[in-house]
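**Student:** Before I ask anything, let me first share the structure, which is written out below as structure tokens.
Rule-based calculations on the coordinates, nothing more; no lab input. Fair warning: this is a prediction, and the values are worked out from it, not measured in the lab. Methodologically, a virtual Cβ is constructed for each residue, glycine included, from the backbone with ideal geometry; neighbour enumeration extends over all protein chains shown.
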Amino acid sequence: QVQLVESGGGLVQAGGSLRLSCAASGRTFSTYAMAWFRQAPGKEREFVAAISWTGAGTYYVDSVKGRFTISRDNAKNTLYLQMNSLKPEDTAVYYCSAAMTLDSHMRPADMAYWGKGTLVTVSS
């Protein structure tokens with residue numbers, strides 16, 4: 001069982017940066033692949049980035065490549081998403097999630113655990 005709690009969301013101007021964190025409970029955090037998803041108003045939840053349990057493997061959706069960086073600290077049971085050069089279209093609720101396996105494009109159905117999300121709003 002893994003419980004996930006996101007933080008770090010907020011309001012930022014276009015071109016700005018935010019760092020999201022996801023604190024995980026449980027001793028098995030390091031055995032899970034982790035991912036960030038986002039859901040904008042009126043849209044489906046979409047994959048943003050994923051990372052292997054060691055942190056060696058990472059995947060990103062094309063729209064955030066070069067701007068977002070996913071990382072993890074297994075000693076702290078924490079997942080991160082550094083978001084730079086933010087755009088208004090990045091506005092969404094961002095969710096942290098955990099899965100047993102890693103894929104280059106995770107789907108919501110692949111994920112075993114979810115946080116409740118943190119809102120990111122990018123103003124133009």
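**Student:** So what's the gap between the Cα centers of the range 1-44 and the range 50-64, to the nearest angstrom?
**Tutor:** 13
**Student:** For LYS43, go through the aspartates and glutamates and keep the ones whose alpha-carbon is under 15 Å away, minus same-chain ones fewer than eight residues off.
**Tutor:** List returned: GLU89, ASP90.
**Student:** Quick one: which residues, 5+ away or cross-chain, put their amide H under 5 Å from the amide H of TYR113? H built at 1.01 Å from N.
**Tutor:** ALA98
**Student:** Of the chain, which part is the longest with no trypsin sites (Lys or Arg not before Pro) in a loop (DSSP not H, G, I, E, B) and with at most 15 other C-beta atoms within 10 angstrom?
**Tutor:** 77-115
**Student:** Give me the orientation-averaged projected area of the Cα convex hull of the range 2-124, in nm², one decimal.
**Tutor:** Orientation-averaged projected area of the Cα hull: 6.6 nm².
**Student:** About the Cα centre of the range 1-116, how large is the charge dipole given +1 on each Lys and Arg Cβ and -1 on each Asp and Glu Cβ? Please answer in debye to the nearest 20.
**Tutor:** Roughly 200 debye, rounded to the nearest 20.
**Student:** Can you return the aspartates and glutamates within cross-link range of LYS87? Criterion is Cα-Cα under 19 Å, with same-chain partners fewer than 8 residues away left out.
**Tutor:** Reachable aspartates and glutamates: GLU44, GLU46, ASP62.
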